[in-house]
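Contents: one structure, followed by commentary.
The values are calculated or read from the model by the stated rules, or taken from the named source; none is laboratory data. For clarity, every value in this text was computed on a predicted model and none was experimentally measured. Cβ coordinates were reconstructed from backbone atoms using ideal geometry, including for glycine residues, and neighbour counts include every protein chain displayed. For the accessible areas, the whole protein counts, side chains as well, though only heavy atoms, and no ligand, DNA or RNA atoms are used. Shrake-Rupley method; radii C 1.70, N 1.55, O 1.52, S 1.80 Å.
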Amino acid sequence: MNNDIKEALAAMLAARAEFPVLNECIYLNSNSSGAIPHEVHNVLIAYSNTLLHWRDTVWEQWWYELHDYADALAQFIGAPKGSVFTDTNLSTLLGRLATCFNYQSPRTRVIISDLEFPTVAFVWQNFRRYGAEMIIVPSKDGCSIDEEAVCAAIDERTQLVCLSHATFGTGALTDIRRIAQYAHQMGALIAVDAYQSLGTIPIDINELNVDFLLGGAHKWLCGSYESAFLYIRPRLLTSLTPSATGWIASADPLSFDSATEYASTARRFASGTPAVLPSLISRVGLEIIQKIGMPAIREVSLQRTQRILEWAEQTGLGILTLGTPSRRAGIVSLRFPTDAEVARKLNERGFVCSYRNAIRIAPHFYNTDEEIELFLKILGEIIYEVKK
């Protein structure tokens, strides 16, 4: 183990003190809701004081902090300043992005998979009224996106490919770079939902070669529920004009003149008065993760998910997560006849994980090997109890 990783492991151990929920339970729920740092409490107090003693001049500072957080996210994914903007949720941003396209012949098709988070199909289903044709590519195994079938579905009629980097149910990673290359050869664009990968896997936007990346703060980035973001490839910015928009998306909103032109940056994907607090909250978790470093977080994640997978295989449980390290994110999903009852009992005993038709276990940098071993011990005991 090199010195950088050793220092990162020490930083992870020290960071545990920043998360109060870890004193109450064994928290393995980061794929659903990441633990929140204590410093957020101070952010909330400062925000409350600002409201109680309001002066309009605070907007100067907030305006800077909104853009500073967006640029910090851009840096985190290897993108340039001005290529990321935030809003309250991914659904809003995806819908706004969808308004940019012309769904008239010949490019009417949007390709998705049947393993996307529910919002994706729902958004594109409702763009049928504007001529969009949603093509849903089925999974072969019910766990991972069928990359061959996705590529086969892309043709000269395809406007956009919209896929998850890591599936929300099983954490299966998609070879996005491969699909992006093929999509671009066919003249199509690609948008990627990175909500379940960002913060547990290093992401370089240049390596993925995607046109749009969406994500959010409240899972692996330990941030606010009301904070999502959209990255737009810079060379595409000036050609995209969202019809679902608002005054903050204009070129010079703080002049309060009539809005006639879009901003030249990703702010053109803003709407009305921005939600400031989510960005203030989410910056705290992002800074902790940046300090530790994604390579170390990824290494620890792989080690701990591998331990869970090996235990589950030895125990004879149904495993939905792919075993190959390069094909899994930070989740281990287990399915067996009594899984719903077992998940309920785990939570009752202070072992917090999520259930989505399977038990989803999500260790993060703030967990320890000892916590994983204790979790597996109690999981085995509960499974035995329920069987009796």
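General observations
- Positions within the range 17-38 being surrounded by 15 or more Cβ atoms within 10 Å (Cβ to Cβ) and part of a helix (DSSP H, G or I), in sequence order: GLU18, VAL21, LEU22
- Verdict on THR170 being among the polar types (S, T, N, Q) and assigned to a helix (DSSP H, G or I): no
- Of all residues in the range 353-388, those satisfying the criterion of being of a type in the set (A, V, I, L, M, F, W, C), assigned to a helix (DSSP H, G or I) and touching a residue at least 60 places away in the same chain (Cβ under 8 Å) are ILE372, LEU374, PHE375, LEU376, ILE383.
- In the range 312-325 there is at least one residue matching the filter, namely being open to solvent by 30 Å² or more (accessible area, probe 1.4 Å) and at positive phi.
- If the condition is being buried (at least 16 other Cβ atoms within 10 Å of the Cβ) and within 20 Å of LEU320 (Cα to Cα), then the range 356-381 contributes ALA358, ILE359, ARG360, ILE361, ALA362, PRO363, HIS364, ILE372, PHE375, LEU376, LEU379.
- Scan of the range 330-343 for residues that are open to solvent by 10 Å² or more (accessible area, probe 1.4 Å), part of a loop (DSSP other than H, G, I, E, B) and under 18 Å from LEU309 (Cβ atoms), ordered by number: PHE336
- Verdict on GLY350 being touching a residue at least 60 places away in the same chain (Cβ under 8 Å) and surrounded by fewer than 16 Cβ atoms within 10 Å (Cβ to Cβ): yes
- Checklist (1) in contact with a Gly (Cβ under 6 Å, 6 or more places away or on another chain); (2) more than 16 Å from ALA79 (Cα to Cα); (3) open to solvent by 20 Å² or more (accessible area, probe 1.4 Å) applied to LEU221, failing item: (3)
- Odd one out for LEU346 among (1) part of a helix (DSSP H, G or I); (2) closer than 22 Å to SER197 by Cα: (2)
- Residue ID - surrounded by the most Cβ atoms within 10 Å (Cβ to Cβ), chosen from residues in the range 49-89 that are outside any helix (DSSP H, G or I) and aromatic (Phe, Trp, Tyr): PHE85
- LEU286 vs. criteria open to solvent by less than 10 Å² (accessible area, probe 1.4 Å), aliphatic (A, V, I, L, M) and either under 30 Å from LEU97 (Cα atoms) or touching a His at 6+ places or on another chain (Cβ under 6 Å) (or both): yes
- For ALA152, the conditions (1) under 24 Å from the mean Cα position of the chain (by Cα); (2) closer than 22 Å to ASP175 by Cα; (3) surrounded by fewer than 21 Cβ atoms within 10 Å (Cβ to Cβ) are fulfilled apart from (1).
- Meets criteria (in contact with a Ser or Thr (Cβ under 6 Å, 6 or more places away or on another chain), buried (at least 17 other Cβ atoms within 10 Å of the Cβ), closer than 24 Å to VAL150 by Cβ and at pLDDT 95 or above) for ALA194: no
- Some residue of the range 115-134 being acidic (Asp, Glu) and within 22 Å of HIS184 (Cα to Cα): yes
- Total residues in the range 335-388 satisfying the condition of being touching an Asp or Glu at 6+ places or on another chain (Cβ under 8 Å), at pLDDT below 95 and within 26 Å of LEU115 (Cα to Cα): the figure is 2.
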